[in-house]
Every structure is written in structure tokens, then in C-alpha cells.
Amino acid sequence: MGTPVWAVPRGTEGVRIMTQAVADYMSLPECLRGTGLTEADLADEDAEIWAHQEFTVVRNIIGKLGDRAGLGIDVGGISTFGRTGILGFTFLASATVREGLARILPYLALSPSHVALSIETDETSDCIVADDEDIPADVRPFIVERDLAGLAAVLEGANAKLEPRWFETTLDEERAARLVKTWSLTADVRPNQPRNRIGGPPGMLDIPMPQSDPNTARVFERQCRQLLERRLARVGVTGQVRSRLLHTPGSFPSMQNVADELHLDPRTLRRRLTDEGTSFRTLVDEVRRALAERLLLENASIETIAQQLGYAETASFTHAFTRWTGSPPSRFSRR
């Protein structure tokens, strides 16, 4: 089972692509508002960010330009093969498109994409599946547009020209009709489906890669594995749990849910957090406090903040905030 995309810090390439795509309409500070990121972070090739920071950039873009059909396609369309990094070279050195996808699927958390890709094959078709269930609902259409349009651009850049016959997507009719054109002018479009699937005849994914080399592919694949392991080790379980708590604003998962998503037993998760000097409850409080203070600085009402942080009553939030900071949220707002 793969590592959840929210559990691994990633490079800033995805944010750079988005800010460059909308540069004629938004300033960089507007794009980065509320992310904690700076222009220097985007220029630092070693900088790493979390999925929730990238989703904040998406929310800023949608808030300024409108949640219109095709906006994500415009952004994803400027993706290039060169921007895929070590994953792209692993794919390029593989024997076929199928083999290339199989090699990089365990390491997708290293890519700018957030849809979870997989392959389905039966007697009637080959499919690329793009699961979007792990993406917050408010940014999901944009991300699906961006990532699938970006994948089409990357495959074209790698000279892997697939010929899909049909295109199923969770997007509505207008978004689906626009997105399918990035893949094919003749494919059958099926909007409002449970999943995103790009399908064609058996063997569609067996197209030979023109620059394949098995030894090189294995070397790149090993580097992908090492990079993923280094990133996970560096942030520890604490960083992964904190990222999950920030992943979907207003919805805090239970420890059982987080353990399941990390493919851990709850006792193991509790022990690892203890070894790192914290606990699940402490992390929930830290995240809630940080979100509360940010929303207070944005002049959100106490009632709104309590609701967004998952409190059934405003009084419960006020009591918790006072416990965290020593003063009620109303005093923090005035200060």
C-alpha cells in the first residue's frame, strides 16, 4: 500500500507551476497568502512543503479568479516532462508506459500531483485510474483538472502517445468536455462518474518507451525509494500526523482513522508519537490553536472559528482557547 500524499513533504514545483500560470492575474503574495511560504522558499530547490499548503494556494487562486471550468486545465497544461524530476526519468527509462507507471506509482508522493494513480487491466480495456477521494472537496475539481491535464502534457513530452477511447471523470459536463481534449479529440466523455478513468483497448499501455534502459530505470527507482524514505524519516510520524490534521479544514480525523491511513496499528502510532515526545491529543490541540489564531487575525467570528475547528458549542472553543493561551479569544482579537 502506498504512502498517503498528505503524509510526505514535497518540493515546491507544484506551487511554482501554479503561480507562474496565473502570474498575469495574481501577484505572488496573493497566491501565497496564508501558506507560510515566501518567494525565497519557491526559489529554494531544497525547500519542502505539505499538501495543505499547496491546497491553500489553490483556494487563493479560486478565490481571486473564480472556480471556473478549465482553470485547473490552464494551470496543468504548462507542466513539462522536465518538471517531474526523478520520477520522470524513472518513467522515461522504463520499457513501456505500463512498466513506467508501475515503477513510479509507489512514489507518487514525490510528485507535484495529488490524484492517486493506479492501473486497471481486464480482457476489454487498459485504464489509468486517478483517485481523488483524498483531496478536500472544495479544491477537488481544480486539482483533478490540473493533475490530469498535467499528466497528459507530461506523457506527450515523453513521446508516450496514448490513444484512449473513453474518459470517465468525477467532473461535471463542462469540465469533463474541456479536460478530455487534453487527452484526445475523439474519446467518449463520461462525466459525473464515481472515479476518474482513462481507458482504451487492451495493450494501450504497452507502448514502447523510445529511451528505455532497464539498468538506468532500476537506478532511478532506487533513488526514488531512498528519497521517499529520507523525507519520511526527517519529518517523523509527528510531521505526518500534523499534516493529516491540517489536510481537511474543519474535519479532524480520529487517531484510529489516521493510523489506518498510515497503515499502522493505533498502539504503534501512539508509541511512535510518544517516542517523538508528543501525543495525538497534543497535536490536535496544537493544530487547533494555530488555526484559531490565524482565523482570529483574519477577523473571523468566534462562532465561525468554533464551527470550523469542530466544536459543537462556542463555549467549548472559548474554554479550550483560554486553556491554550491563558486568555479568551475575544481578548486575543482585540490585542
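With a 1.4 Å probe and all protein chains kept in place, how do Ile73, Ile78 rank by accessible area, largest first?
The residues order as Ile78, Ile73, largest area first.
Compute log10 of I(q)/I(0) for the stretch 187-335 with the Debye formula, placing one identical point scatterer on every Cα and leaving out solvent, at q = 0.10 Å⁻¹, to two decimals.
Per q value, in the given order, log10 I(q)/I(0) is -0.61.
Can you send over the carbon and sulfur percentage of the accessible area for the stretch 232-289, probe radius 1.4 Å, protein chains only?
Here carbon and sulfur together make up 46 percent of the probe-accessible area.
Modelling each spin label as a point 7 Å along the Cα-to-Cβ direction, I'd like the Gln193/Ile119 distance in nm, to one decimal.
Computed distance between label sites Gln193 and Ile119 equals 1.9 nm.
Determine the shape class of the stretch 103-258: with a ≥ b ≥ c the square roots of the Cα gyration tensor eigenvalues, call it rounded for a/c under 1.5, and otherwise prolate if a/b is greater than b/c, oblate otherwise.
Cα axes put the stretch 103-258 in the oblate bin.
Using 20 Å bins from zero, what percent of all Cα-Cα pairs in the chain falls into each bin?
For the chain, the pair-distance distribution reads 29, 56, 15, 1.
What are the semi-axes of the equivalent ellipsoid of the stretch 228-307, taken as the square roots of 5 times the eigenvalues of the Cα gyration tensor, listed largest first and rounded to whole Å?
26, 13, 11
Over the chain, give the accessible area per residue in Å² for a 1.4 Å probe, as an integer.
48 Å²
Restrict the search to the stretch 96-176; then list the GluC sites (Glu not before Pro) that DSSP places in a loop and that have at most 13 other Cβ atoms within 10 Å of their Cβ.
Loop-located and lightly packed - Glu123, Glu133.
Size of the dipole of the chain about the Cα centre, Lys and Arg at +1 and Asp and Glu at -1 on the beta carbon, nothing else charged, in debye to 20?
1080 debye
Kirkwood Rh and Cα-based Rg: tell me the resulting Rg over Rh for the stretch 35-79, rounded to two decimals.
Here the Rg-to-Rh quotient is 1.01.
Compute a Gaussian network model of the chain, connecting alpha carbons closer than 10 Å, and tell me which residue from Ser94, Ser111, Ser301 fluctuates the most.
Ser301
Given a 1.4 angstrom probe, I'd like the percentage of the accessible area of the stretch 72-171 that is carbon and sulfur, rounded to a whole number.
Exposed carbon and sulfur together represent 53 percent of the surface.
Ignoring everything except DSSP H segments at least 4 long, calculate the 222 nm mean residue ellipticity for the chain; use -39,500 (n - 2.57) per segment, divide by total residues, nearest 500.
-16000 deg cm²/dmol
For the stretch 101-160, take the alpha-carbon Rg, divide it by the Kirkwood Rh, and send me Rg/Rh.
0.98
Taking loop as defined by DSSP and a crowding limit of 11 other beta carbons within 10 Å, which trypsin sites (Lys or Arg not before Pro) in the stretch 253-284 fit?
none
Who wins for biggest fluctuation among Leu87, Leu269, Leu185 in a Gaussian network model of the chain, springs between alpha carbons below 10 Å?
Leu185
State the percent of C-alpha pairs, over all pairs in the stretch 289-335, separated by a distance greater than 11 angstrom.
Every Cα pair in the stretch 289-335 considered, those over 11 Å come to 61 percent.
The values are calculated or read from the model by the stated rules, or taken from the named source; none is laboratory data. Here the structure is a predicted model, which means the values were calculated and not measured. Methodologically, a virtual Cβ is constructed for each residue, glycine included, from the backbone with ideal geometry; neighbour enumeration extends over all protein chains shown. The accessibility values were calculated without ligands, DNA or RNA, using every heavy atom of the protein model including side chains. Shrake-Rupley method; radii C 1.70, N 1.55, O 1.52, S 1.80 Å.
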